[in-house]
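Nothing in this text is a laboratory measurement; each read-out follows from the coordinates by a stated rule. The shown structure was predicted, so the numbers you read here are calculated from the model rather than taken from an experiment. Neighbour counts run over all protein chains shown; Cβ positions are idealised from the backbone, glycine included.
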Amino acid sequence: MTTSLPTIYPVGYAGTSNDFLQTKVDHEGDIRLQTGTVAVPASTATSTLIGLIPFNKGAKIDMAGSSIYTDALGAASLNIGYTYYDSTLGTSNASGFVAGTTISNAGGFTPFVCSSASSAGMTLTTAANGWITVTNTAATTTTGNILFNIAFAYDASGVTNP
């Protein structure tokens, strides 16, 4: 078993498994929007795991309602995806939402999109506890922030066709 936690995360989190106790879970199926900011220091090493929000098993991430804005960090590109805490419970995908965006060069906004060509990527239902994450493909050269709006729901099973 390999466990993974981000090394950079928003204020209010500890970077431990206790962060999963702070998730905003309700089982009514309502869409929630979690917003925040994570500070990224200059000289952040390549492939650093930057956490945006933790989630619990069963979270449905709404890509149409989720986006990030990043200051100019000087990184070559960013991947936005998800990382499961315990690798035996789910397969992480570092670029599950956005692969190789260059918005970190000059700063800018990007919505989550389906990195996969299949309709299965319209929403992600998480298999276990984990984090929505950003990874950088080159070391950052400038201190800056990543601001995020992430839409998600729990127990949003949708319409069941007979």
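A few comments on the model shown:
- Charge dipole (Cα centre; +1 on Lys/Arg Cβ, -1 on Asp/Glu Cβ; no other charges) of the chain amounts to roughly 200 debye.
- The simple spin-label model puts a point 7 Å past each Cα toward its Cβ; for Leu147 and Ala106 those points are separated by 1.9 nm.
- Inter-site label distance for Ala42 and Thr23 at 7 Å from Cα along Cβ, in nm: 3.7 nm
- For the chain, built as a Gaussian network whose Cα springs stay under 10 Å, the top-fluctuating residue of Leu73, Leu49, Leu89: Leu89
- Ratio of the Cα radius of gyration of the range 40-152 to 2.2 N^0.38 Å, where N counts its residues: 1.01
- Length-normalised contact order of the chain in % [C-alpha pairs under 8 Å, at least 6 apart]: 38 percent
- Label-reachable residues, the range 47-71, where backbone N falls under 14 Å from a point 7 Å from Leu33's Cα toward its Cβ: 62-69
- When both the range 32-53 and the range 60-102 are represented by their alpha-carbon centers, they are found 10 Å apart.
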